[in-house]
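J.: To start, I am sharing the structure in question, which I have written as structure tokens.
What follows draws every value from the coordinates through simple rules; no lab data is involved. This one's a predicted model, so the numbers in the text were calculated from it and none came from an experiment. Virtual Cβ from ideal backbone geometry, glycine too; neighbours counted across all protein chains shown.
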């Protein structure tokens, strides 16, 4: 760990806003790779100075995870499919998605998406709803919430 900074709280107000700038050492899977890592993912943390303004300008800025929802294709029997996109959700990981609408505010369907090496995934063939009103999805057991879509 080289230094730390305050950034986006990746899972809303209840999560930490601290990010560490880390460099993998020899013997690690990716030696000399440098990146910001959310503090909750760093085990065996040690005392580290705050990043200076110069370091903050040099290091890549922290990009928050984004969960997007769009109105997808017409669903069988009426209604629409949910078009779900994930961005910056972490590389090569499973993300649990739950679908909601105004009629089912506690959720009505849960499925798993898998992100690629850049933290991106998209699905338009899982949830659908024939109910009119608001529609949204959450990721990681509600830690990230999408925009709402009305139909």
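J.: With contacts defined as alpha carbon pairs under 8 Å and 6 or more residues apart, what's the relative contact order of the chain in percent?
T.: 20
J.: For the residues 20, 111, what sequence is obtained by ranking on other C-beta atoms within 10 Å, fewest first?
T.: On the way: 20 20, 111 15.
The most exposed by this proxy come first: 111, 20.
J.: Then there is this: Answer rounded, prolate or oblate for region 3-58, using the Cα gyration tensor with square roots of eigenvalues a ≥ b ≥ c: rounded when a/c is under 1.5, else prolate when a/b is larger than b/c, else oblate.
T.: Because a/c hits 1.5 or more and a/b fails to exceed b/c, region 3-58 counts as oblate.
J.: Oh, and also: Of the peptides 39-47, 79-87, how do they stack up when ordered by the mean number of other Cβ atoms within 10 Å, highest first?
T.: Numbers: 39-47: 10.0, 79-87: 20.4.
Taking the mean over residues of other Cβ atoms within 10 Å, the ranking is 79-87, 39-47.
J.: Residue 46 versus residue 116, label points 7 Å from Cα toward the beta carbon: distance in nm?
T.: 3.7
J.: Normalising by the residue count of region 73-151, find the relative contact order in percent from Cα pairs under 8 Å and 6+ residues apart.
T.: 35
J.: Still on this structure, please answer the following. For the chain, how big is Rg over Rh, using alpha carbon atoms and the Kirkwood form of Rh?
T.: Details: Rg = 18.6 Å, Rh = 17.2 Å.
Checking Rg against Rh, the ratio lands at 1.08.
J.: Once label points are set 7 Å from the Cα along Cα→Cβ at both residue 91 and residue 53, what is their separation, rounded to one decimal in nm?
T.: Label-label distance for residue 91 and residue 53, simple model: 3.2 nm.
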